[in-house]
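The values are calculated or read from the model by the stated rules, or taken from the named source; none is laboratory data. No experiment lies behind these values; they were computed from the predicted model shown. With ideal geometry, Cβ positions are generated from the backbone for all residues, glycine too; neighbour counts draw on all protein chains shown.
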């Protein structure tokens, strides 16, 4: 059926919907563009007259937006899957085809012929990918050779969504990216570090701006600006910045209120730090009591049972994994004797999805929390639960800036944006109470109080372990149906 999409009271975009239940087309059927947040950003921040490359154009969602609302000089659209390519052509013909060219090819390191696996179009039309045992042959070009042969002299913006082919595409695009310096919107679900490394070699920087359920990152040539690691808001000099030492400072985002470390430590720095890391508060008995408290909360409020599948991300010593039983797996950087605790989510049982995912005191340690939560949501059943605790930047109990250990300090507004961007709904947001050893708790609580006042307080006859308020927040979020995720 033919549908018209209205955008900001401008001309309508005509699209051909074959399956209104398929993920991308369900947005069209609801009179909306897929990945509308990213397209809004482009509309509000880019001028008319640019040359666009839509790599992985699928059936034309982004191509049609560029054509009808960005007043481009030209849109070059690339889709290797024949069926999707023909549907792309059909949709272009109903709109401004004279400013767009479509190509039935893929991009890689070199010019060659490879094979592709065709996805099941009934679920998501955009999931086909290169494979040695693919269903059909596809022409592959390097971006550099394509640009040279077609006498293209400028590109303003490149959108890349190609299901696992990022590294090969970028390696075949060095001359184009070096000479033309287009802005790059690149979807990177599991290969962010590799993509970042290649683009940095070409003098690109990640802006801190990202979009969508499967994250799409904005890279610019030579952009050294600092952006919020949660909402992407650019930091302007004169805003809140607290200098910790010569290495780090803390910036407070004036949009979502998140306090975040600048610069974010490199992977090497974090690996070195955590190879020597020991949490003095992690007494085994205390950890066990808190793990029991977590499971009781999940049972009473959200229906956890020993038969529920549960993933504990950032498992530490593994006590929660052991307590939750055989249906619980963990992810932890350090090696573990428990064979259900892996060092990366890629090592978890294949094809597995989870009823619950937990991050107890983990979020503040992550260099890219939005990317991590987005990835974990992809592993979660629809309607599944993510439960976490993290530092509360709006609470009444003081907290300390501790880079490179703690990299972010959270507000309700920051969680509202995080949950919306990741296809989640916040169902609980409460101050967090926990068990802790009496001496450790009061030493921390009194650390800013003159020592002469410590002894009368610490000399009291309190139990060795007490249940106390903390400077953390407990947040529980539920995964929304597909319609809520982009």
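Residues that are under 19 Å from residue 215 (Cα atoms) and either assigned to a strand (DSSP E or B) or over 8 Å from the mean Cα position of the chain (by Cα) (or both) were ranked within segment 358-368; the one that is modelled with the lowest pLDDT is 367. Which of the residues that make up segment 330-340 are buried (at least 19 other Cβ atoms within 10 Å of the Cβ) and under 17 Å from residue 361 (Cα atoms)? Within segment 330-340, 330, 331, 332 meet the criteria. For segment 188-208, taking the residues that are touching a residue at least 40 places away in the same chain (Cβ under 8 Å) and under 21 Å from residue 58 (Cα atoms), the one that is farthest from the chain's Cα centre (by Cα) is identified as 190. Looking across segment 261-303, the residues that are assigned to a helix (DSSP H, G or I) and touching a helix residue (DSSP H, G or I) at 6+ places or on another chain (Cβ under 8 Å) come down to 267, 284, 287, 288, 291, 292, 294, 295.
Across segment 398-417, the number of residues qualifying as modelled with pLDDT of 95 or more, within 16 Å of the chain's Cα centre (by Cα) and within 20 Å of residue 479 (Cβ to Cβ) comes to 3. Residues in segment 237-257 include at least one that is closer than 19 Å to residue 390 by Cα, in contact with a helix residue (DSSP H, G or I) (Cβ under 7 Å, 6 or more places away or on another chain) and either surrounded by fewer than 13 Cβ atoms within 10 Å (Cβ to Cβ) or not assigned by TED's automatic domain parsing to the domain that holds residue 355 (or both).
The set of residues in segment 406-427 that are surrounded by fewer than 21 Cβ atoms within 10 Å (Cβ to Cβ) and in contact with a helix residue (DSSP H, G or I) (Cβ under 7 Å, 6 or more places away or on another chain) comprises 406, 425, 426. Residue 350 meets the conditions (1) touching a strand residue (DSSP E or B) at 6+ places or on another chain (Cβ under 7 Å); (2) free of Cβ contacts under 8 Å to residues at least 24 places away in the same chain in every case but one. The failed one is (1).
Among the residues of segment 369-382, those identified as over 14 Å from residue 414 (Cα atoms) and either at pLDDT 90 or above or crowded, with 21+ Cβ neighbours inside 10 Å (or both) are 372, 374, 376, 377, 379, 380, 381, 382.
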